[in-house]
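Single-structure report; data block below.
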Amino acid sequence: MVLTVSHTTTYLYRDTVSICHTEVHLAPRSGIGQRVVSHELEVRPEPDFSASRTDYFGNKMTCFSIHEPHQVLSIESRSVVEMRPEEPPPTGLTPPWEVVRGEVRRASGEEAFRASEFIFASPLVKTGPAFAAYASPSFQPGRTLLEAGMDLCHRIYTEFRYDKRATTISTPVDEVLKTRGGVCQDFAHLMIACLRSLGLPARYVSGYLRSGEHSTGAEASHAWCALFCPGFGWLDFDPTNDVMPQGNHVTLAVGRDYYDVTPVKGVAIGGADQIVNVAVEVLPARS
């Protein structure tokens, strides 16, 4: 299946902005499960400077500056992505989770060594006994990694409520654990915190859900997490919808947490108060 992705972010400022500097992660990744056919980025007013590069985590990012006075900033990303979904491995084929933890600790091989950087706390993801305790019913001794990961994903889905008013992007992940409410970014951060607190590599994934699939988090930027398994690579889990993404999730970028892969962030001189409107649409391409 080929999907077309449209993501428009509009900033409406009360006063004039004289200069802005902005960084965006809006270009989908090519890799296992998807191939980027095309990507375009349109910014209005037209930037005085713009440059793209690949960041540390292998994501394409673009930085631009606008020196023209403005009260409206529009950033539109348009992409065409060919989806190549792969079935997850049978749960019994993945090793016990303690074996994975041991391989990562020993950096047994290049894959495990590279994944080991994702076992530590990061700016928006804490680790500690409280997260390990929440994860422990899922990660019983000897349980396979995939079976345990699926169980933790299901428990977050059933035990936490999706509530846009419960949190902001600055709400600490330990507060999410206490209040049992939040949005997709919160649930991704929570699952990552639980996995890392057990010594397992977990990374944050930003992206989109196909529109009209009756999934929570469609029509806006979405987030989930991925768990490393030797021999199988990164296995994705969406605790907001209790699924392992297959064909309806478009991956934008991966990192330690939301801070690394924020779709749009920057600074502006002037502007005073602002209103931000975001519109996302992910639909099958017309033949």
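Using a 10 Å cut-off on Cβ atoms, rank the peptides 134-143, 256-265 from the highest mean neighbour count down.
256-265, 134-143
Taking Cα atoms of the stretch 38-175, Rg/Rh with Kirkwood Rh, to two decimals?
We get a ratio of 1.07 for the stretch 38-175.
Amide H to amide H under 5 Å from residue 248: which residues, 5+ apart in sequence or cross-chain, H placed 1.01 Å off N in plane?
The list, which skips near neighbours in sequence, is empty: none.
Go through (i) 18.0, 53; (ii) 19.4, 61; (iii) 20.1, 58 and flag the label whose value is the computed Rg and Dmax of the Cα atoms in Å for this structure.
(ii)
Rounded to the nearest 10 degrees, what's the angle between the helix 184-197 long axis and the longest principal axis of the chain, both from Cα atoms, 0 to 90?
For 184-197 against the chain, the angle is about 40 degrees.
Tell me, Kirkwood radius of the stretch 2-100 from alpha-carbon pair distances, in Å?
Across the stretch 2-100, the inverse of the average 1/r is 16.3 Å.
Compute the angle between helix 145-159 and the longest alpha-carbon principal axis of the chain, please, reported from 0 to 90 degrees and rounded to the nearest 10.
Here the helix axis deviates by roughly 60 degrees.
Using the alpha-carbon atoms, what tilt in degrees (0 to 90, nearest 10) does helix 97-106 show relative to the longest principal axis of the chain?
So the inclination is approximately 70 degrees.
How much mean residue ellipticity at 222 nm does the chain get from its helices, if each DSSP H run of length 4 or more adds -39500 (n - 2.57) and you divide by all residues, to the nearest 500 deg cm²/dmol?
-6000 deg cm²/dmol
Could you list the square roots of 5 times each eigenvalue of the Cα gyration tensor of the stretch 158-283, that is, the equivalent ellipsoid semi-axes, sorted largest first and rounded to whole Å?
24, 18, 16
Every read-out reported here was derived from the displayed coordinates using simple, explicitly stated rules and does not represent laboratory data. Just so we're clear, the structure is a prediction, and the values are computed from it rather than from any experiment. A quick note on method: Cβ atoms are made from the backbone with ideal geometry, for glycine too, and the neighbour counts reach across all protein chains shown.
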